[in-house]
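Presented below is the structure to which this report refers.
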Amino acid sequence: MAIKLDMSKVYDRVEWSFIETLMLQMGFSRRVVELIMFCVSTITYNVTHAGHTMGPICLGRGLRQGDPLSLYLFLICAEGFSTLLKKYERHQWLTRCKVARGAPRVSHMLFVDDNYVYCKANGMEAQRVMQFLQM
């Protein structure tokens, strides 16, 4: 089974606590993580319509597309995604598959904003993929 995941909406849905925890687990210093989280979490927006300004609008999650820092944070999230899939492989919750003749077995491939997850096409592994995605 091959599952294509469109990651273009991930920027809007990334939980800040996930990014913070992931950076600490990757070995970033507490001070660097605090500085990055300050940059991510203190953004406010104002909306102007018909001469009236509404705001500030404060966000609770997500990354700003176009912000140079967001690209690096997205890569950190992709690393967390990949690491979690590898854990599923190690526990044999997902079975790696060949995507082409002569190719090595893989459980996933990550591209710019598309990810592919490969596993056996059966009910148990489909449930595990759903569990993984909810996590």
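Listing for the model above:
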| quantity | calculated |
| --- | --- |
| Hey, Lys98 surrounded by 11 or more Cβ atoms within 10 Å (Cβ to Cβ), touching a residue at least 60 places away in the same chain (Cβ under 8 Å) and over 19 Å from the mean Cα position of the chain (by Cα) or not | no |
| Tyr88 being assigned to a helix (DSSP H, G or I), of a type in the set (Ser, Thr, Tyr) and under 18 Å from Lys9 (Cα atoms) | no |
| Filtered residues of segment 40-75 (kept if over 26 Å from Met23 (Cα atoms), among the aliphatic types (A, V, I, L, M) and either open to solvent by 90 Å² or more (accessible area, probe 1.4 Å) or touching a helix residue (DSSP H, G or I) at 6+ places or on another chain (Cβ under 6 Å) (or both)) | Met54 |
| Tabulated pairs, segment 118-132, first under 17 Å from Ser82 (Cβ atoms), second aromatic (Phe, Trp, Tyr) and open to solvent by 30 Å² or more (accessible area, probe 1.4 Å), C-beta under 6 angstrom, 6+ apart or interchain | Arg128/Trp93 |
| Qualifying residues in segment 101-111 (those that are more than 16 Å from Met130 (Cβ to Cβ) and open to solvent by less than 100 Å² (accessible area, probe 1.4 Å)) - the one modelled with the lowest pLDDT | Leu110 |
| Failed condition for Val33, given (1) at pLDDT below 85; (2) surrounded by 10 or more Cβ atoms within 10 Å (Cβ to Cβ); (3) not charged (D, E, K, R) | (1) |
| Subset of segment 112-124 that is closer than 16 Å to Leu5 by Cα and not in a loop (DSSP other than H, G, I, E, B) - its residue that is modelled with the lowest pLDDT | Asp114 |
| Selection from segment 1-45 of residues that are more than 30 Å from Tyr116 (Cβ to Cβ) and among the aliphatic types (A, V, I, L, M) | Val32, Val33, Leu35, Met37, Ile43 |
| Residues satisfying the stated conditions in segment 112-130, i.e. open to solvent by 40 Å² or more (accessible area, probe 1.4 Å) and either of a type in the set (Lys, Arg) or over 30 Å from Gln65 (Cβ atoms) (or both) | Lys120, Ala121, Asn122, Gly123, Met124, Gln127, Arg128 |
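The values are calculated or read from the model by the stated rules, or taken from the named source; none is laboratory data. Note that this is a predicted model, so its numbers are computed, not measured. Please note: Cβ atoms are built from the backbone with ideal geometry, for glycine as well, and neighbour counts cover all protein chains shown. These area figures cover heavy atoms from the full protein model, side chains too; ligands, DNA and RNA do not enter into them. Shrake-Rupley method; radii C 1.70, N 1.55, O 1.52, S 1.80 Å.
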